[in-house]
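Worksheet: one structure, shown below.
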Amino acid sequence: MAMLEEQLKVLKKTFDKYAGKDGDKDSLSKAELADLLREEFPGMAGDKQQLDAFFTGLDGDKDGKVSFPEFVQFAATLMLMLVSPM
Ligand SMILES: [Ca+2]
């Protein structure tokens, strides 16, 4: 399998792993997002205020949950930050 395809599948798997923790398996609640950040990005774990701001930033359509397209947007932003540090 091509490397990029592999990475995209990992992204979807990661989303599914956390999104499936409570009721709606197609979106991340704030609690699920907190778990994802704590476990996948230990260095980025912030306080509740930072989490709130982060969640609001990800929730593009403001429906109170983060869908897969919204999560992909986040991953793309993160990737850009990593390859071109500010
Ligand atoms: Ca949303």
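The values are calculated or read from the model by the stated rules, or taken from the named source; none is laboratory data. Values in this document were obtained by computation on a predicted structure and should not be read as measured data. As a convention, Cβ positions derive from the backbone with ideal geometry for all residues, glycine included, and neighbour counts pool all protein chains shown.
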(message) Testing L28 on (1) within 11 Å of the ligand (Cβ to nearest atom); (2) more than 13 Å from the chain's Cα centre (by Cα), one condition comes back false. Which one is that?
(response) (2)
(request) Name the single residue, out of those in segment 65-85 being of a type outside the set (A, V, I, L, M, F, W, C) and within 7 Å of the ligand (Cβ to nearest atom), that is nearest to L33 (Cα to Cα). (result) K65
(message) So the check is Cβ under 9 Å with 6+ separation or different chains; which pairs have a first residue in segment 47-64 that's over 13 Å from S29 (Cα atoms) and a second one that's within 15 Å of the ligand (Cβ to nearest atom)?
(response) G57/F74; G60/V66; G60/S67; G60/P69; G60/E70; G60/Q73; D61/S67; D61/E70
(request) Hey, can you tell me all the residues within segment 36-59 that are exposed (fewer than 15 other Cβ atoms within 10 Å of the Cβ) and assigned to a loop (DSSP other than H, G, I, E, B)? (result) F41, A45, G46, D47
(request) Please state which of the following conditions K62 fails to meet, knowing it meets all the rest: (1) in a helix (DSSP H, G or I); (2) at pLDDT 95 or above. (result) (1)
(request) Could you tell me whether K13 is part of a helix (DSSP H, G or I), surrounded by fewer than 11 Cβ atoms within 10 Å (Cβ to Cβ) and more than 15 Å from the ligand (Cβ to nearest atom)? (result) yes
(request) Pairs only if they're at least six apart or on different chains, beta carbon under 7 angstrom, first in segment 4-22 and without any contact (Cβ under 8 Å) to a residue 60 or more places away in the chain, second outside any loop (DSSP other than H, G, I, E, B) and among the polar types (S, T, N, Q); list them, first residue then second. (result) A19/S27
(request) Working carefully through the options L51, L33, find the one that is within 16 Å of the ligand (Cβ to nearest atom) and at pLDDT 90 or above. (result) L33
(request) Exactly one condition in (1) of a type in the set (D, E); (2) part of a loop (DSSP other than H, G, I, E, B); (3) surrounded by fewer than 12 Cβ atoms within 10 Å (Cβ to Cβ) is not met by D24; state its number. (result) (3)
